[in-house]
């Protein structure tokens, strides 16, 4: 049983609910344990290669480090906490250090949950599922699919505009104001072209009988079964179990009115 | 809500969302550099850019829901392209879109003057900040720093979303690509009036 086979809407819901639950905790252990479980699931049940995973994951390690140092320097000190170190106006407490670490771990646990979704879900299936399970309007869903197909076209168009500029002898932008002008020279024709193409696409869709009616049938049917809810329960359970283990070892730190 | 929309408008909305989803992804890299230079507040400096599609679509299409839907779709497309922030980004997009939409709603969806566009950008700043406060745990930071972050984001929303969005939409209208949309009609009306007087 691969993770790719589960219902995409339920998978997305799982990630969002897990993220919301994790946001309630301010200790580093809970998100860390969640990270281990989700990353493990991605490799074992998702058959995702570690190389691909780490490539997407690594920028967030950097982000987590920034988070930690920002939270350290600008941490809030609450009276009665154990002071580890003071320097000028900066005070570092043990609890502050834990909170900073927890924010960093939080970024990483969110990322692992997201990668679990992204690396095991096809975009088209996600949209079909949103239409069939979440009553997303077909007008919008097929509109998004059409828009999504524009991406490679726009890349080609960008190349064309660049060649056209080069043929007409526009020099390479050097100063900042030249760079801004260059940005405009690219973005306006790209957008204008995309909008014209969008209007033509809409016309083509309508001429082939697309009405955007909700009462339509689908070639590819996407369903929800008990297995999908088991998936949901497993990951929510994993987050709650992480919090429980953290509590057992006395790390658990809930949000307690630290406004 | 969508029943009153023409398919043409829906597709143009989606395409705008696709273009800006790519812009948003690029700016994430840029944001990370600022992050490294200034810490958390670095992101707030350019946070406004992530609201720009709301302003542009609302200004072009001028229908209830344009600001909200475009931001939500842009977020969904980012997820489809493979942004590792993942499905929660869709929620963030909705929340940012609601901020701008609320301002357009307060203007009864028929006032698209500069100050309304600026206020809409700031509206997204406010809602996105409340969301960030919860999800990124700003409660653990010193209140002074959080206040500074908020004001930086507010200004960024006004400039990078409100003003830049207005400017970009108008440059686009001048190409004639938006002639069948309210913004294009407005531009032509202004032009013909000027033509008569001068």
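The values are calculated or read from the model by the stated rules, or taken from the named source; none is laboratory data. On a predicted model such as this, the values are computed, not experimentally measured, just so you know. Heads up, the Cβs are rebuilt from the backbone with ideal geometry, glycines too, and the neighbour counts pull from every protein chain shown.
So residue B:135 ticks every box in (1) within 14 Å of another protein chain (Cβ to nearest Cβ); (2) within 18 Å of residue B:62 (Cβ to Cβ); (3) free of Cβ contacts under 8 Å to residues at least 60 places away in the same chain but one. Which box is left unticked?
(2)
Scan segment B:146-163 and give yes if some residue there is crowded, with 19+ Cβ neighbours inside 10 Å, within 25 Å of residue A:186 (Cβ to Cβ) and modelled with pLDDT under 90, otherwise no.
no
Filter segment A:109-130 for residues that are assigned to a helix (DSSP H, G or I) and surrounded by fewer than 20 Cβ atoms within 10 Å (Cβ to Cβ); which is nearest to the chain's Cα centre (by Cα)?
For segment A:109-130, the residue satisfying everything is A:123.
Could you run through segment A:14-52 and say how many residues are over 19 Å from the mean Cα position of the chain (by Cα), assigned to a helix (DSSP H, G or I) and closer than 16 Å to residue A:107 by Cβ?
3
Of the residues that make up segment A:123-136, is at least one in contact with a strand residue (DSSP E or B) (Cβ under 9 Å, 6 or more places away or on another chain), more than 10 Å from chain B (Cβ to nearest Cβ) and in contact (Cβ under 8 Å) with a residue 24 or more places away in the chain?
Taking every residue of segment A:123-136 in turn, none turns out to be in contact with a strand residue (DSSP E or B) (Cβ under 9 Å, 6 or more places away or on another chain), more than 10 Å from chain B (Cβ to nearest Cβ) and in contact (Cβ under 8 Å) with a residue 24 or more places away in the chain.
Consider segment A:203-233. How many of its residues are assigned to a helix (DSSP H, G or I) and touching a residue at least 24 places away in the same chain (Cβ under 8 Å)?
6
Filter segment B:9-27 for residues that are in contact (Cβ under 8 Å) with a residue 24 or more places away in the chain and surrounded by fewer than 19 Cβ atoms within 10 Å (Cβ to Cβ); which is nearest to residue A:70 (Cα to Cα)?
B:25
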